[in-house]
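What follows is one structure encoded as structure tokens, with my remarks underneath.
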Amino acid sequence: MSSKSIPTKLTDYNIYNDGEILIGTSGELTLPDLEAITSEISGAGIAGTIEDPTPGYFGSLEVEIKFRTVSEESSRLAIPQAHTLTARAAQTRHDPATGTNSQEGLKVVFRGVCKTYSIGTFKQGESTETTATMELSYIKITRGSTVVLELDKFNHIYVVEGVDYMEAIRDLI
């Protein structure tokens, strides 16, 4: 694969709960936005105010998993305990030099507790559109063999492209 290849799309994916495939998920998984916790700073030498992010500290992280119907796979996520889920995907890359496409693996591991289990709606001949929304304490994204991002709120870990931005904080506390 050329280093100049261009990522073009997510080809396909599956979601697993502790290694077992989640059957019946719909075609979309909404991953969380990482919004840094900030504090406002102002004072001498600063023209106005600045929202200063605290390294590695983020607000609530939610992931929403959509299912076509109420199923064993969906209802198990409502058990009040942490669940570790893995989304494995094939991602297409295009090499403009050769005009060929290739596939690379993309993996997202996330751990959290269900905070909303929406059973959905009953309508004859339609899906129930059941959803489980989880509050995450951990997420790790791997592209091929490269760790793109890892955030572990309970263990003070925040790694981006191989650099742990909370290591100095862990060492001091």
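Residue count for the range 32-51, restricted to those that are surrounded by fewer than 10 Cβ atoms within 10 Å (Cβ to Cβ) and assigned to a loop (DSSP other than H, G, I, E, B): 6. Taking each residue of the range 36-55 that is at negative phi and in contact (Cβ under 8 Å) with a residue 24 or more places away in the chain and looking for partners that are of a type outside the set (Asp, Glu) and surrounded by 10 or more Cβ atoms within 10 Å (Cβ to Cβ) with beta-carbon atoms closer than 6 Å, six or more apart or interchain, yields Pro55/Tyr165.
Of the strands (runs of 3 or more DSSP E) lying entirely inside the range 101-173, those containing at least 2 residues that are under 19 Å from the mean Cα position of the chain (by Cα) and free of Cβ contacts under 8 Å to residues at least 24 places away in the same chain are 146-152, 157-160. Of the residues Thr84, Thr92, Thr98, the single one that is loosely packed, with under 15 Cβ neighbours inside 10 Å, part of a strand (DSSP E or B) and out of contact with any helix residue (DSSP H, G or I) (no Cβ under 9 Å at 6 or more places or on another chain) is Thr84.
For the range 123-157, the set of residues classified as modelled with pLDDT under 95, of a type in the set (Asp, Glu) and closer than 25 Å to Pro80 by Cα consists of Glu129 only.
Among the residues of the range 9-26, the ones that are closer than 17 Å to Thr84 by Cα and either of a type outside the set (A, V, I, L, M) or part of a loop (DSSP other than H, G, I, E, B) (or both) come to 10 in all.
The one condition from (1) more than 21 Å from Gly56 (Cα to Cα); (2) open to solvent by 40 Å² or more (accessible area, probe 1.4 Å) that Tyr165 does not meet is (1). Of all residues in the range 137-148, those that are closer than 15 Å to Ala89 by Cβ and open to solvent by less than 30 Å² (accessible area, probe 1.4 Å) total 2.
Residue under question is Asp171, and the condition is that it be open to solvent by less than 20 Å² (accessible area, probe 1.4 Å) and acidic (Asp, Glu); does it hold? No. Residues being modelled with pLDDT of 95 or more, open to solvent by 60 Å² or more (accessible area, probe 1.4 Å) and not in a strand (DSSP E or B) are represented in the range 52-74 by at least one member.
Hydrophobic (A, V, I, L, M, F, W, C), at pLDDT 95 or above and surrounded by fewer than 16 Cβ atoms within 10 Å (Cβ to Cβ) - does that describe any residue in the range 111-122? Checked against the condition, which is being hydrophobic (A, V, I, L, M, F, W, C), at pLDDT 95 or above and surrounded by fewer than 16 Cβ atoms within 10 Å (Cβ to Cβ), the range 111-122 yields at least one hit. Scanning the range 2-31 for residues that are farther than 16 Å from Val108 by Cβ and surrounded by 13 or more Cβ atoms within 10 Å (Cβ to Cβ), which turns out modelled with the lowest pLDDT? Among those residues, the one meeting the criterion is Ser2.
The values are calculated or read from the model by the stated rules, or taken from the named source; none is laboratory data. Since we're looking at a predicted model, the values are computed, not measured. In this analysis, Cβ positions are derived from the backbone assuming ideal geometry, glycine residues included, and neighbour counts consider all displayed protein chains. Each accessible area value is taken on the protein alone, full model and side chains, heavy atoms only, with ligands, DNA and RNA left out. Shrake-Rupley method; radii C 1.70, N 1.55, O 1.52, S 1.80 Å.
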